[in-house]
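> The structure under discussion is supplied below as structure tokens; questions concerning it will follow.
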Amino acid sequence: MSSDRRKFLKTLGSASLIGGCANTERAPDGYFKDPEPFIQHGRANLESKLEDQESLLTPVDQFFVRNNDVSLDVPVDTYRLVVEGDAIERPLSLTYNDLRSMPSRTVFSYLECGGNQRAYFSKLLNQAATGTQWGRGAVGMAEWTGVPLLEVLQAAGIQESAVAIQLIGMDQGAPEGGFRRPLPVEKAMDPDTLLVLRMNGELLPKDHGAPVRALVPGWVGSSSVKWLGRIEVSNAEIWSRNNTSSYVLIGDDYLPEGQALGQVANKQSLKSALALPWPATLQAGLYRIYGYAYGPDGPIVRVRWSADGGSTWEDAQLLEPRMCYGWTRFEFSWEAKPGRHTLITSAVDSLGAEQPETIPYNQKGYLFNMRLPHPIQIVG
Ligand code: MTE
């Protein structure tokens, strides 16, 4: 590392470190943004309406919010990011300006809650899952700019023996006194795993974790810890709420792993959804129907659609750009005749994987990704 880069890294020996959040204020209504464009779930969860999205990137004022407590207002001047643990050589306490002067990278990625589409476990499979009953809008796509997490870990002298990293938020009202999520060292050291300072070219908004949040592309949204205050780097695996009892697939089809009650939900699942209300009502006529397809394993290569319950399929037209972690917009023409119809879409990714026709149940309703039947009533 150059001596210039060393200058901004304050090495604090083995002192005990506490993330700087003393002056943190809380949003009185749960969030700072206008809730009007969203479907509201409880005190602090805002679901986007896919039918309102018109461009590749989701504008911040339409981007879903998922909080375990309420949004925080963290002052930049007292902000500190503490890096500690038994698998680093130098504990760090970084200011916002320290982070701003480190190497930066931009990643286009969708961000999706692990529980997106959970409501369809009961609506379509007759098996209710616990948790916020999200429809299809706990997902958004943004341009994220920030410091690769690996830069910070290397500056702290991460050791080869490191196994796990835990990201910890400043929202002390969230479970465990700060929302937290462990990551294996391999995902933490992926150059696309970022400490985000900017979203869609603007300073990161408060509801999305300002001044600094993590982005872990392709993984369940809970990995992308907001209002990031502390990073633990450990020589042993880390088990905490969000990889033992939450964000874990619990059900007959899933084997428990480690200290978890089931299979830990890490990577997201391949999905597609139409940009229409579910269910929809339309006037008869010729429509250009559009939607979004996305998955964690590379760009979407094909989206098929069916208007007859899956007996026959046609290819939708895919719009550019198609990116590794980005969602792909697709569209097709459909002659809507009066009556009740169901459209189904199915996405295929660059590894050749396709959405399944059905999926096994898990108690907390994560990673729902079967081909979604979309009921449409045509009138007139
Ligand atoms: N980080 C903190 N500190 N607190 C939280 O409650 N929620 C997580 C994650 N990061 C959360 C958090 C979950 S479950 C999701 S899906 C994403 O943030 C949502 O990110 P967004 O609100 O920016 O859309």
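The values are calculated or read from the model by the stated rules, or taken from the named source; none is laboratory data. Quantities reported herein were computed from a predicted structural model and do not represent experimental measurements. Cβ: placed from backbone, ideal geometry, glycine included. Neighbour counts: every protein chain shown. The protein model used for the area step is the full one, side chains on, heavy atoms only, and it has no ligands, DNA or RNA in it. Shrake-Rupley method; radii C 1.70, N 1.55, O 1.52, S 1.80 Å.
> Going by the structure shown, is Arg213 at pLDDT 95 or above, within 13 Å of the ligand (Cβ to nearest atom) and in contact with a Phe, Trp or Tyr (Cβ under 9 Å, 6 or more places away or on another chain)?
yes
> Return the only residue of Lys267, Lys271 being in contact with a Pro (Cβ under 8 Å, 6 or more places away or on another chain), under 21 Å from Ala142 (Cβ atoms) and at pLDDT 95 or above.
Lys267
> Looking at the stretch 143-162, can you tell me whether even one residue there is under 16 Å from the mean Cα position of the chain (by Cα) and either within 21 Å of Leu367 (Cα to Cα) or free of Cβ contacts under 8 Å to residues at least 60 places away in the same chain (or both)?
Within the stretch 143-162, one or more residues are under 16 Å from the mean Cα position of the chain (by Cα) and either within 21 Å of Leu367 (Cα to Cα) or free of Cβ contacts under 8 Å to residues at least 60 places away in the same chain (or both).
> Related question: Among what's in the stretch 223-255 and is within 10 Å of the ligand (Cβ to nearest atom) and not in a loop (DSSP other than H, G, I, E, B), pick the residue that is farthest from the chain's Cα centre (by Cα).
Among residues in the stretch 223-255 that are within 10 Å of the ligand (Cβ to nearest atom) and not in a loop (DSSP other than H, G, I, E, B), the one farthest from the chain's Cα centre (by Cα) is Gly229.
> Oh, and also: If only one of Gly135, Gly146, Gly131 is of a type outside the set (Ser, Thr, Tyr), crowded, with 22+ Cβ neighbours inside 10 Å and modelled with pLDDT of 95 or more, which one is it?
Gly146
> Within the stretch 251-259, identify whether any single residue is surrounded by 14 or more Cβ atoms within 10 Å (Cβ to Cβ), hydrophobic (A, V, I, L, M, F, W, C) and on the phi < 0 side of the Ramachandran plot, and answer yes or no.
No.
> If you don't mind, another one. Quick check: anything in the stretch 106-127 more than 16 Å from the ligand (Cβ to nearest atom), touching an Asp or Glu at 6+ places or on another chain (Cβ under 9 Å) and either more than 20 Å from Asn266 (Cα to Cα) or not aromatic (Phe, Trp, Tyr) (or both)?
Checking the stretch 106-127: at least one residue is more than 16 Å from the ligand (Cβ to nearest atom), touching an Asp or Glu at 6+ places or on another chain (Cβ under 9 Å) and either more than 20 Å from Asn266 (Cα to Cα) or not aromatic (Phe, Trp, Tyr) (or both).
> Follow-up question, since we're still on this one. With respect to Val220, determine if the residue is over 20 Å from Glu47 (Cα atoms) and either within 8 Å of the ligand (Cβ to nearest atom) or aliphatic (A, V, I, L, M) (or both).
Against the criterion (over 20 Å from Glu47 (Cα atoms) and either within 8 Å of the ligand (Cβ to nearest atom) or aliphatic (A, V, I, L, M) (or both)), Val220 does not qualify.
> Can you list the strands (runs of 3 or more DSSP E) found entirely within the stretch 281-376 that contain at least 1 residues being touching a Pro at 6+ places or on another chain (Cβ under 8 Å) and surrounded by 14 or more Cβ atoms within 10 Å (Cβ to Cβ)?
Counting at least 1 such residues, we get 328-336, 339-349.
> May I pose another question? Tell me which residues, restricted to the stretch 170-210, are small (Gly, Ala, Ser), within 10 Å of the ligand (Cβ to nearest atom) and not in a loop (DSSP other than H, G, I, E, B).
none
> Does Ser71 satisfy the condition of being within 13 Å of the ligand (Cβ to nearest atom), open to solvent by less than 10 Å² (accessible area, probe 1.4 Å) and more than 24 Å from Val233 (Cβ to Cβ)?
yes
> Give the residues of the stretch 128-140 that are within 11 Å of the ligand (Cβ to nearest atom) and closer than 17 Å to Leu274 by Cα, sorted by residue number.
Scanning the stretch 128-140 gives Trp134, Gly137, Ala138, Val139, Gly140.
> Here are the criteria: (1) over 30 Å from Leu255 (Cα atoms); (2) touching a residue at least 40 places away in the same chain (Cβ under 8 Å). Tell me which single one Gly365 does not satisfy.
Condition not satisfied by Gly365: (1).
> Right, here's the next one. In the set Gly131, Gly115, which member is under 20 Å from the mean Cα position of the chain (by Cα), at positive phi and not polar (S, T, N, Q)?
Gly131
> While we're on this one: Select, from Gly114, Gly140, the only residue that is crowded, with 21+ Cβ neighbours inside 10 Å and not in a loop (DSSP other than H, G, I, E, B).
Gly140
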